[in-house]
Amino acid sequence: MLNLIVFGAPGAGKGTQSERIIARYGLRHLSTGSMLREAIEAQSPMGIEAQRYIDHGHLVPDELVIDLIAKELDVHPDAPGFIFDGFPRTSVQAHELDDMLLRRGHPVSLLLALEVEEQELVARLLNRGLTSNRADDQSETVIRNRIEVYMRTTLPVIDHYRRQGKYHGVSGMGSVDEIAERVARAIDPIILKR
Ligand code: AMP
């Protein structure tokens, strides 16, 4: 089983590269951002609560996303592996994820961090905002807030997995194909070792 964290700032290309990874390795995609947007769309009580945070560029409470991930792990016990896209985003979430996966006997295999310069992140998100219909992509203030939250609260997750020898950074600059090639070069050796 391959459990892969696709990590990076908002706009780093996590969703795009996750799609490429799924096409190549057939893993199950778990994107907390997408799950939350679906809940908002459905206007469920959880979605309504989450929207208050998301629209301002804040993180939703840990318990909420941990619960979402735990449920998905339970529903798909036979998955060949998971891509965690946009999760974990805090140290608490990282510890919880480790515990959940350990209980299921398949720990995190790799944290793949897409590294992109800040100016490029803002440009990509503003551009995505033209077509994404996402409230959090529309305002430069909210975008900058999301990047600041990433720097302050999410980046320490890298150290958590670096200590476990599982961190691998790749440049997220360039074309989607070029980045996908770098990503594959990071994952293939792990597949071969298993
Ligand atoms: P994303 O689609 O991954 O950029 O997520 C969109 C928004 O959903 C984020 O800006 C957060 O407000 C919220 N969100 C997604 N994943 C998480 C998470 N793991 N922890 C807390 N908030 C999250």
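The values are calculated or read from the model by the stated rules, or taken from the named source; none is laboratory data. Since this is a predicted model, take the numbers as computed values, not measurements. Methodologically, a virtual Cβ is constructed for each residue, glycine included, from the backbone with ideal geometry; neighbour enumeration extends over all protein chains shown. What goes into the accessible areas is simple: the full protein's heavy atoms, side chains included, and nothing from ligands, DNA or RNA. Shrake-Rupley method; radii C 1.70, N 1.55, O 1.52, S 1.80 Å.
Using mean Cβ contacts within 10 Å as the protection proxy, how do 164-176, 76-88 order, highest first?
So the peptides 164-176, 76-88, ranked by packing, come out 76-88, 164-176.
Find the Rg to Rh ratio for the stretch 98-176, where Rh is the Kirkwood radius over alpha-carbon pairs and Rg uses the same atoms.
1.06
Step through the residues of the stretch 44-51 one at a time and calculate ³J(HN,Hα) from phi using the Karplus curve (6.51 cos²θ - 1.76 cosθ + 1.60, θ = phi - 60°), rounding each to whole Hz and writing x for Gly and Pro.
So the J values, rounded to whole Hz, are 6, x, 5, x, 5, 5, 4, 4.
Run through every distinct alpha carbon pair of the stretch 46-94 and return the Kirkwood hydrodynamic radius in angstroms, one decimal place.
12.0 Å
Cα-Cα pairs above 20 Å in the stretch 1-86: how many percent?
Of the Cα pairs, 37 percent sit more than 20 Å apart.
I need the calculated FRET efficiency for the pair Arg152 and Lys71, taking r as the beta carbon distance and R₀ as 22 Å, to the nearest 0.05.
0.20
Percent relative contact order of the chain, based on C-alpha pairs within less than 8 angstrom and at least six residues apart?
In percent, rounded to a whole number, it is 33.
Okay, which of the stretch 22-66 sit inside 17 Å, backbone N to the point 7 Å along the Cα-Cβ direction of Ala184?
Label zone hits: 22-27.
How are the C-alpha pair distances of the stretch 2-187 spread across 10 Å bins, as whole percents from the shortest bin up?
Taking every Cα pair in the stretch 2-187, the percentages come to 9, 38, 40, 13, 0.
Given H placed on each backbone N at 1.01 Å, which residues far from Gly169 in sequence or on other chains put an amide H within less than 5 Å of it?
Ala113
Go through Tyr53, Tyr161 and list them by solvent-accessible area, largest first, probe radius 1.4 Å.
Order by accessible area, largest first: Tyr53, Tyr161.
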